[in-house]
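K.L.:
The structure's right below; bear with me while I get my questions together.
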Ligand SMILES: [Mn+2]
């Protein structure tokens, strides 16, 4: 990316481990040759809202790099209006007409070959695989990466070279992901600058502040799981959380696992201003139509056959009842 030398830019990255590791790899390449700022969107939003756009505009960047986030077209159009846009990603998305859209998965490569954005960035920069490659991949795939023979060959080499193991990596990922779960946007934006100088897990494992985050998160999760819930209709456990933290997926998983024949339906109005987070887990007949109904209304929604996650505006709270009805 020599054409960027001497220029100023903004590096927009996802708030999770993969996003921060991908950003760190990019910083290693550009930090001393450009003027660069790291930025993460409002945590929970997979698009750029008005506040994000104001912040980004203030930086008057020549170039914008997006790492590990599949933005919708209008967010990309906004970025294009500011400067040259580069994307490094591994999510399924449309191919955009920008300066560089480096996403081998949409170019037909197997997602197994590119398990994380860190992998995409690292290969693009011709780096030899290191801790950041592997952390990004485990952060996104967790245990499923162990079944990916192609990736595990590289992972085993890296883990051998730095004398660490899978369980230690999981600990590191929990520490790194604690910042976004607590809603600490600035800490998320600072972390790539810390990670760019990291080759081994020790300095991450020893961070007192991150360890304290985990203690705080665990007690918040415990408190939510112990709250009372109602069987709002046969087989559906409904629970309203009241948490300023992004822990709804963990809370829902714990509720669902405690009572495996029931569906856990959890809502939290406190994490995002103006929005309600919804998470549903259990054996559902038609999770896809719930996701599509939400998307038709313009809401962010995703999931699989047994998990649905979405964010809806508070002004459409009655949509919750429609979702409950869809759970026959
Ligand atoms: Mn990722």
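Computed from the coordinates by the stated procedures, all read-outs in this text should not be read as laboratory data. Computed from a predicted structure; not experimentally measured. Because the Cβ atoms are built from the backbone with ideal geometry, glycine has one as well, and the counts that use them run over all protein chains shown.
K.L.:
Please determine, in degrees from 0 to 90 and to the nearest 10, the orientation of helix 149-161 with respect to the longest principal axis defined by the Cα atoms of the chain, where the helix direction is its Cα long axis.
P.N.:
Approximately 60 degrees, to the nearest 10.
K.L.:
So for each of 107-113, 76-82, 164-170 I average, over its residues, the number of other beta carbons within 10 Å; can you give me the resulting order with the highest mean first?
P.N.:
Details: 107-113: 11.9, 76-82: 17.1, 164-170: 15.3.
Packing proxy ranking, top to bottom: 76-82, 164-170, 107-113.
K.L.:
For the chain, what does the equivalent ellipsoid look like in terms of its semi-axes, each the square root of 5 times an eigenvalue of the Cα gyration tensor, given largest first in whole Å? Display every interim value, and only then the final one.
P.N.:
Values: eigenvalues 219, 113, 73 Å².
Semi-axis lengths for the chain are 33, 24, 19 Å.
K.L.:
What is the percent of Cα-Cα separations in the stretch 9-51 that go past 17 Å? It would help to have the intermediate numbers written out before the result.
P.N.:
Working: 299 of 903 pairs.
When every Cα pair of the stretch 9-51 is considered, 33 percent fall beyond 17 Å.
K.L.:
Could you line up 39, 88 from fewest to most neighbouring Cβ atoms inside 10 Å? Before the final figure, lay out each step's value.
P.N.:
Values: 39 21, 88 27.
Listed from fewest to most nearby Cβ atoms, that is 39, 88.
K.L.:
Give the percent of DSSP beta bridges with both residues in the chain that are antiparallel, rounded to the nearest 5.
P.N.:
Values: 19 of 43 bridges.
Within the chain, antiparallel bridges account for around 45 percent of the total.
K.L.:
Cα atoms only, the stretch 226-326: Rg and Dmax in Å?
P.N.:
Final numbers for Rg and Dmax: 12.4, 34 Å.
K.L.:
Tell me, what is a quarter of the convex hull surface for the C-alpha atoms of the stretch 173-287, in nm² with one decimal? Present the calculation step by step, with values, prior to reporting the outcome.
P.N.:
Numbers: hull surface 35.2 nm².
Reported value for the Cα convex hull: 8.8 nm².
K.L.:
Working from the alpha-carbon coordinates of the stretch 109-198, get Rg over Rh, Rh being the Kirkwood radius. It would help to have the intermediate numbers written out before the result.
P.N.:
Values: Rg = 13.1 Å, Rh = 13.7 Å.
A ratio of 0.96.
K.L.:
Among 281, 270, 297, whose mean-square fluctuation peaks in a Gaussian network model of the chain (Cα, cutoff 10 Å)?
P.N.:
For the chain, modelled as a Gaussian network with Cα springs under 10 Å, the answer is 297.
K.L.:
Extending each Cα 7 Å along its Cβ direction at residue 328 and residue 315, get the distance between those two points in nm, one decimal.
P.N.:
3.4
K.L.:
Quick one: helix 166-181 against the long Cα principal axis of the chain, what's the angle to the nearest 10°, folded into 0 to 90?
P.N.:
Result, in degrees: 80.
K.L.:
If you average the alpha carbon positions of the stretch 221-267 and of the stretch 49-116, how far apart do those two centres end up, in angstrom?
P.N.:
34
K.L.:
With n ≥ 4 as the cut-off for DSSP H runs, can you work out [θ] at 222 nm for the chain, using -39500 (n - 2.57) per run divided by the number of residues, rounded to the nearest 500? Walk me through the numbers on the way to the answer.
P.N.:
Numbers: 13 runs with 141 residues, N = 328.
That calculation yields -13000 deg cm²/dmol at 222 nm.
K.L.:
Report Rg(Cα)/(2.2 N^0.38 Å) for the stretch 3-123, keeping two decimals.
P.N.:
Numbers: Rg = 13.3 Å, N = 121, 2.2 N^0.38 = 13.6 Å.
Cα Rg divided by the expected 2.2 N^0.38 Å: 0.98.
K.L.:
Along the Cα→Cβ direction, 7 angstrom out, place labels at residue 209 and residue 228. What is the inter-label distance in nm?
P.N.:
Simple spin-label model gives 4.0 nm for this pair.
K.L.:
Another question, then. Quick one: helix 185-195 against the long Cα principal axis of the chain, what's the angle to the nearest 10°, folded into 0 to 90?
P.N.:
40
K.L.:
Between 274, 139, 309, which gets the highest mean-square fluctuation from a Gaussian network model of the chain, Cα cutoff 10 Å?
P.N.:
Residue with maximal mean-square fluctuation among 274, 139, 309: 274.
K.L.:
Note down the relative contact order for the chain as a percent, whole number, built from C-alpha pairs under 8 angstrom at least six residues apart.
P.N.:
On the way: 570 pairs, mean separation 41.5, N = 328.
It rounds to 13 percent for the chain.
K.L.:
Need one word for the stretch 92-243: rounded, prolate or oblate. Basis is the Cα gyration tensor (sqrt eigenvalues a ≥ b ≥ c); a/c below 1.5 gives rounded, then a/b vs b/c decides.
P.N.:
prolate
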